[in-house]
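Chemist: Below: one structure in structure tokens.
The values are calculated or read from the model by the stated rules, or taken from the named source; none is laboratory data. Source: prediction; values computed, not measured. Cβ coordinates were reconstructed from backbone atoms using ideal geometry, including for glycine residues, and neighbour counts include every protein chain displayed. Side chains included, ligands, DNA and RNA excluded: accessible areas come from the protein's heavy atoms. Shrake-Rupley method; radii C 1.70, N 1.55, O 1.52, S 1.80 Å.
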Amino acid sequence: MQTHRQAATPLIEPPVIAADECRRLRIVARIEAPHLWDSTAARLLDCARRRWQGRPDIADHPALRRWSQIQDSQQRPEQPCLRTLFAAFASGSLVGGDPCADLAAAVMLLASCPAEAVQQADPLNNQYTVRFSVYAYREDDLPLAEDLITTTIHACGTLLARRCTIMHPPARSTAPLVDHPTPDVLVLGNLGSTAAR
């Protein structure tokens with residue numbers, strides 16, 4: 001007689017992500033077939049363009065509205081801006097040709113997650129490395145963004161590293177801003193510029 005044992009519960013549970021916590025996915029890849037990299041990024045951007053082509057409801061896209069509010073409140077000002085990309089697409093000024101920019105734009109248009117890709121050359125091996133960053137809240141489609149990137153990498157290179165971290169929102173101070181003294185090292189120059197001495 002055989003007895004069935006119940007599956008044991010996992011010892012390590014996946015982290016619970018709060019609604020206000022932003023995940024940052026970082027991927028590093030070595031591009032070994034630059035011609036495939038260029039064509040794959042261009043094809044993905046074409047797919048992304050077709051998804052939104054002729055749609056009058058771009059401004060009502062929930063992810064675009066949510067990220068615009070987040071970036072307007074400057075909680076994450078360092079992230080690539082979805083609103084800028086969608087505006088460039090809507091005006092017809094989104095041009096391709098740079099595979100890093102094309103792939104980042106495709107991820108933003110298809111997965112609605114702010115993304116960037118930065119290329120670093122390796123002249124010794126006639127190859128280069130690309131570093132990706134993707135930002136996502138719970139409502140965003142981070143798995144789709146990751147799949148787009150990793151599928152592209154597997155077609156033309158090697159995945160070197162992957163790391164996903166949780167970025168907690170900055171603590172908000174209840175004290176008025178005027179109560180915080182401005183450091184003496186800041187010297188205001190022309191409108192919109194600051195210089196440290």
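Chemist: Separation between the Val95 and Val28 pseudo-spin-labels, each 7 Å from Cα along Cα→Cβ, expressed in nm?
Modeler: Rounded to a tenth, the inter-label distance reads 3.3 nm.
Chemist: At a 1.4 Å probe radius, which order do Asp140, Asp46 fall into by accessible area, largest first?
Modeler: Values: Asp140 15, Asp46 70 Å².
Ranking Asp140, Asp46 by accessible area, largest first, yields Asp46, Asp140.
Chemist: Return the FRET efficiency for the residue pair Glu139, Arg83: r is the Cβ-Cβ distance, R0 is 22 Å, and the value is rounded to the nearest 0.05.
Modeler: The calculated FRET efficiency here is 0.85.
Chemist: Rounded to whole Hz and in sequence order, give me ³J(HN,Hα) for segment 109-120 from the Karplus expression 6.51 cos²θ - 1.76 cosθ + 1.60, θ = phi - 60°, writing x for Gly and Pro.
Modeler: 6, 8, 9, 6, 10, x, 8, 9, 9, 10, 9, 10
Chemist: Within a Cβ distance under 11 Å of Cys100, other residues only, what is the Lys/Arg minus Asp/Glu net charge?
Modeler: -3
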